[in-house]
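First up is the structure itself, then whatever we jot down about it.
The values are calculated or read from the model by the stated rules, or taken from the named source; none is laboratory data. In this text the structure is predicted, and so the values were computed from the model without any measurement. As a convention, Cβ positions derive from the backbone with ideal geometry for all residues, glycine included, and neighbour counts pool all protein chains shown. Surface accessibility is based on the protein's heavy atoms, side chains included, excluding ligands, DNA and RNA. Shrake-Rupley method; radii C 1.70, N 1.55, O 1.52, S 1.80 Å.
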Amino acid sequence: MSEQGTAASLIGARTRRTEDPRLLAGHGRYIDDVRLPGMLEAAVLRSPFAHARIVRIDVSRARELPGVFDVITGFDLPDLVDPQPVIWQQIPGQRMPKSYALPTDRVRYVGEAVAIVAAVDRYVAEDALELIDIEYEALPVASTLDEALAEDAPRLYDEWPDNRMGQHTFTKGDVEKAFVEADVVLRETFYYGRQMGLPLETRGTVASWDVHSGQLELWLSTQGAHVNRDLMGQALRKPVHEIRVRVPDVGGGFGNKLDFYVEEVLASLLSRRTGRPVKVIEDRIESFVANAHSREQRMEVELAATSDGTITGIRGTVWAVLGGRLGGAACGPPWLSAAVIAGPYKVPNVEMSVVGVFTNRSPIGSYRGWGQPEATLVHERMVELLARKIGVDRNEVRRRNFPDPSEFPYTSTVFTHDSGRYAECLDLCLTGVEKHGWAERQAAARAEGRSLGIGFGFHVEVTAFGPSRILHAIGVQHSGFGQSVVRIDSTGRVTVYTGEVPMGQGIQTALAQVTAQSLGVKLEDVVVVAGDTDSCPYMGYGTGGSRAAALGGGAVIRAAEKLKIQIRDIAAHLLEANPDDLVIEDGRVSVVGVPTQSVSMAEVGDAAYRSIGKLPAGQIPTLEEREVLDPENLAVANGCTAVLVEVDRETGMVKVLDHLIAHDCGTVINPMIVEGQVHGGVAQSVGGTLFEEIVYSPDGQIQTTTFMDYLIPTATDMPPMDVMHMETQALHIPGGIKGVGEAGTIPMPGAIVNAIDDALIDLGVAITDVPITPPRLLAQIRAAQEQS
């Protein structure tokens, strides 16, 4: 097989990404590259207080500064816009604060936007911010979860009796009976620290509101063009046909750019009021307070099991630290943590609650994994603690609790696992560990007095997150279907229009491969167009939840199937042959067994568009098919991750020495892209497990606002990585495709922590908090040494 592959072998080929040459040559066009005639630039004034009443705002001096065109505060907004829409409403009866793009009464976290200025350039706009006179009345702060839950806690919203946003409990079976009859009951509390995604390109928008036509054109660095258009229309009280969202190249998303933010609403208002385009670009310091935070949860869990390690029940509570207002994802990620707490295991009895709590911190939002790394940390730690308790091999405990392949589709607490071979995936991972000689490396290191540990983490990943009826059933106020348009032009070239948004994940190449193979054309004859609500088909809530390849690719497959019928009919007429006797390969349509009797795709295209007289009677001109894919169910991917780590007992430093994963994402479109996705997720999760944490002072002041404080992994922190592929077909997705976007992120915290425990097995250390920074780990090591 050639590197590019033939049309018949493109799915599964290690094809180079078609989008890379332009980007590597420096010809990418990102949001800050957008320059419009007469464009103004805006800057945002942000609150220095974690909690304060806005007594007075005087913007007169700012308005008088030469070069300033407009200033907007929260007191202007009720007459101009509706409160910020929130589509994630999974908790029945959840409290919904009436939050505008700027606060109208008080600020509830450091960094909350309180005013915005549009000026001739960013320098003048920032100078004007210093001229805005605001009088605050400081209020008591509830920064931590316990402070917010206290009976005498300061309330963030006076109309409510406490700071709880809502509560929901997932139930399955008879939990009370399971715990009464259990041979073993384990109780543990886990804490996952506050973290965030940090794409190289910060968020930004350019808004251009034509006051004559009423058309609003938005350039957004976003993962969801159509959903942002819809939410923008809702906030601005504007019909969506008057809004066009265009997405240039996106310099990383990681979920942060999936949410709906205030800056795009404010830029649009400024453009309407000034009659000029307005650009807002978030700087790096702003990103630490204005971008979506994530992860922070306290998870209290009990596990019931028999003496042989069969898990019979799980119960507990996920406490979600939400921040001062509802972000774009609301309580969605913690909700998902509670929903998938059983992971890959066949647990017959579950009772898991999620409680959302408002605190004086930045809002929680989307980040890669979306609650699943937190849940996986819990179930993988509890499995290992159970194995330690009963003296059974940890992977044998895993194996005993997997559903058998014959039991699929298998319904867990909320979602149905469509297909999987979990025990086989575990065996593939164990074979890889043996092949790499980790046990020998560990034994040799221990003989030298060094502490090496091997850790495992088995995960399931909810992918193809999009079936609209499922989303509606769990309270999401938006659709989730995918849609693709496949068009062949008069020269035989193919254009795919997708609602999915490229953000570095290689979706253009993947969809081109699927299209080329499905149609029987050459890869270089396929172009993928994305990121424009006017030209690209409507899709669901955005590109996230590992859905782009599954839903976008599945829709392409079905559209191509319908389009091939047209192609064969036209070619059959040109060749005077039976359509059933034709085959399409490498851009030519030929009679089976007689390759010389053929026509090119260009000849078919010419007949469909220009030489209409060559069309068969009744054939409609043009070659185009549209397909909406709203599958019956999700696709659940899975994988087993193993890591080899070294722990320095004198400093608490942890080094990840090696990594491998056996992964099953259904049909693999491009192994190179899949491996790249895994590698990127592993890098983020190494940082999230060992380094990254957003820290607040007792008065709610954020302490981590630069990369000197918020540590992210560098190349020297990354281990060698090996990805081993399995393919178990998705039941409800054409082509059997499952997602892979979060496979590297989800299992790593559990695997790394399990490896640290293994390295310190003689001390009996049991880690429950992430990130496990050197000072925290060193404190646990010393405490264990004192007790031994």
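Considering only the other residues whose Cβ falls under 13 Å of the Cβ of CYS640, what net charge follows from Lys and Arg at +1 and Asp and Glu at -1?
Values: positive: ARG394, ARG398, ARG399, ARG421; negative: GLU380, GLU424, ASP427, GLU461, ASP664, ASP722.
Net local charge, CYS640 excluded: -2.
Under the Karplus relation 6.51 cos²θ - 1.76 cosθ + 1.60, θ = phi - 60°, what is the ordered set of whole-Hz ³J(HN,Hα) values for region 34-44, x standing for Gly and Pro?
Each residue of region 34-44 in turn: 6, 10, 10, x, x, 5, 9, 10, 10, 9, 10 Hz.
Work out the length of the dipole vector of the chain about its Cα centre, built from +1 on the beta-carbon of each Lys and Arg and -1 on the beta-carbon of each Asp and Glu, and round it to the nearest 20 debye. Mind showing how you got there, number by number?
On the way: 71 positive and 103 negative charges, 162 e Å.
So the dipole magnitude of the chain works out to roughly 780 debye.
When only DSSP loop residues count, what trypsin sites (Lys or Arg not before Pro) in region 179-276 have their Cβ near at most 10 other Cβ atoms within 10 Å? If you can, show how the numbers build up before the last one.
Details: sites: ARG187, ARG194, ARG203, ARG229, ARG237, ARG244, ARG246, LYS257, ARG272, ARG273; in loops: ARG194, ARG203, ARG237.
The qualifying sites are ARG237.
Check cross-link reach from LYS279 to the lysines: straight Cα distance under 28 Å, and skip same-chain residues fewer than eight apart.
Those lysines meeting the cut-off are LYS98, LYS238, LYS257.
Under a Cβ-only charge scheme (Lys and Arg +1, Asp and Glu -1), can you give me the dipole magnitude of region 159-211 about the Cα centre, in debye to the nearest 20? Intermediate results must be reported in sequence, preceding the final value.
Working: 6 positive and 9 negative charges, 30 e Å.
About 140 debye.
May I ask you to list the lysines whose Cα is less than 28 Å away from that of LYS564, ignoring any residue fewer than eight positions away on the same chain?
Leaving aside lysines fewer than 8 places away in the same chain, those within reach of LYS564 are LYS522, LYS614, LYS738.
Mind putting a number on the dipole of region 95-231 about its Cα centre? Charges go on the C-beta only, +1 for Lys and Arg and -1 for Asp and Glu, and I need it in Debye to the nearest 20. Don't jump to the answer; show the numbers that get you there.
Details: 13 positive and 25 negative charges, 107 e Å.
Dipole of region 95-231, to the nearest 20 debye: 520 debye.
Every cysteine in the chain with no other Cys Cβ under 4.7 Å from its Cβ, please list them in numeric order.
So far as the 4.7 Å Cβ criterion goes, CYS331, CYS425, CYS536, CYS665 stand without a partner in the chain.
Mind listing the long-range amide H neighbours of ARG46? Cut-off is under 5 Å, sequence gap 5 or more, other chains count too, H placed in the peptide plane at 1.01 Å from N.
Those lying under 5 Å, H to H, from ARG46 are VAL114.
How large is the direction-averaged shadow of the alpha-carbon convex hull of the chain, in nm²?
36.4
Just subtract the alpha-carbon distance of ASP404 and LEU200 from 0.36 nm times their residue separation and send over the number in nm, one decimal.
Working: separation 204, 0.36 × 204 = 73.44 nm, distance 4.26 nm.
Full-extension gain reported as 69.2 nm.
How would you order 658-670, 715-727, 449-461 from highest to lowest mean count of nearby Cβ atoms within 10 Å? Intermediate results must be reported in sequence, preceding the final value.
Values: 658-670: 25.8, 715-727: 14.8, 449-461: 23.3.
So the order, starting with the most tightly packed, is 658-670, 449-461, 715-727.
Tell me, what is the per residue accessible area of region 699-788 in Å², probe radius 1.4 Å?
Numbers: 3600 Å² over 90 residues.
It amounts to 40 Å² per residue over region 699-788.
Using modelled amide H (1.01 Å from N, peptide plane; none on Pro or chain starts), what sits under 5 Å from the amide H of ASP532, excluding residues fewer than 5 places away?
VAL247
Before I look further, what does region 414-522 give for accessible area per residue, probe 1.4 Å, in whole square angstrom? Mind dumping the intermediate values first?
Working: 3560 Å² over 109 residues.
I get 33 Å² per residue for region 414-522.
Where in region 511-547 does the amide nitrogen come within less than 16 Å of the point 7 Å from the Cα of GLN477, taken along Cα to Cβ?
Residues 541 fall inside that zone.
How many nm separate the modelled label positions at ARG782 and LEU23, each set 7 Å beyond the Cα in the direction of the Cβ?
Result for the modelled spin labels: 4.5 nm.
Just to confirm the filter: which trypsin sites (Lys or Arg not before Pro) across region 7-62 are DSSP coil and have at most 16 other Cβ within 10 angstrom of their Cβ? Before the final figure, lay out each step's value.
Working: sites: ARG14, ARG16, ARG17, ARG22, ARG29, ARG35, ARG46, ARG53, ARG56, ARG61; in loops: ARG14, ARG16, ARG17, ARG29, ARG35.
Listed in order of number, the matching sites are ARG14, ARG16, ARG29, ARG35.
Measuring with a 1.4 Å probe in the full set of protein chains, what accessible area per residue, in whole Å², belongs to region 265-394?
In whole numbers, region 265-394 has 19 Å² accessible per residue.
On each of the three principal axes of the Cα atoms of region 732-788, give max minus min coordinate, whole Å, ordered largest first.
Its Cα atoms span 59, 20, 13 Å along the three principal axes.
Within the accessible area of the chain, what % is carbon and sulfur when the probe is 1.4 Å and the other protein chains stay in place? Write down the numbers at each step before the final one.
On the way: 14200 of 28370 Å².
Carbon and sulfur atoms account for 50 percent of the accessible area of the chain.
Normalised by the residues of the chain, what does the relative contact order come to in percent, with Cα pairs under 8 Å and at least six apart? Before the final figure, lay out each step's value.
Numbers: 1984 pairs, mean separation 123.2, N = 788.
So the answer I get is 16 percent.
Return, ordered by residue number, the residues of region 347-372 whose backbone nitrogen is under 17 Å from a label point located 7 Å along Cα→Cβ of THR411.
347-352
Which of the chymotrypsin sites (Phe, Trp or Tyr not before Pro) found in region 685-778 are loop residues per DSSP with 11 or fewer other Cβ atoms within 10 Å of their Cβ? Could you put the intermediate results ahead of the total?
Numbers: sites: PHE691, TYR696, PHE707, TYR710; in loops: PHE691, PHE707, TYR710.
Of the chymotrypsin sites (Phe, Trp or Tyr not before Pro), the ones in loops of region 685-778 whose Cβ has at most 11 other Cβ atoms within 10 Å are PHE707.
Mean residue ellipticity at 222 nm from the helices of the chain, using -39,500 (n - 2.57) per DSSP H segment of n ≥ 4 over the full residue count, to the nearest 500 deg cm²/dmol?
Working: 20 runs with 216 residues, N = 788.
Counting only the DSSP helices, I get -8500 deg cm²/dmol.
In the chain, which helices (entire DSSP H runs) extend 24 Å or more along their own long axis, judged by Cα positions, while averaging at least -0.5 on the Kyte-Doolittle scale?
Working: long enough: 372-390 (27 Å, -0.14); 553-575 (31 Å, 0.49); 671-690 (28 Å, 0.50).
Within the chain the helices that satisfy the rule are 372-390, 553-575, 671-690.
Return the distance in nm (one decimal) between the two label points of a simple spin-label model at MET96 and THR171, each offset 7 Å from Cα along Cα→Cβ.
Output for this residue pair reads 2.6 nm.
Please tell me the relative contact order of region 189-272 in percent, rounded to the nearest whole number, where contacts are Cα pairs under 8 Å and at least six residues apart.
On the way: 119 pairs, mean separation 33.2, N = 84.
Across region 189-272, relative contact order equals 40 percent.
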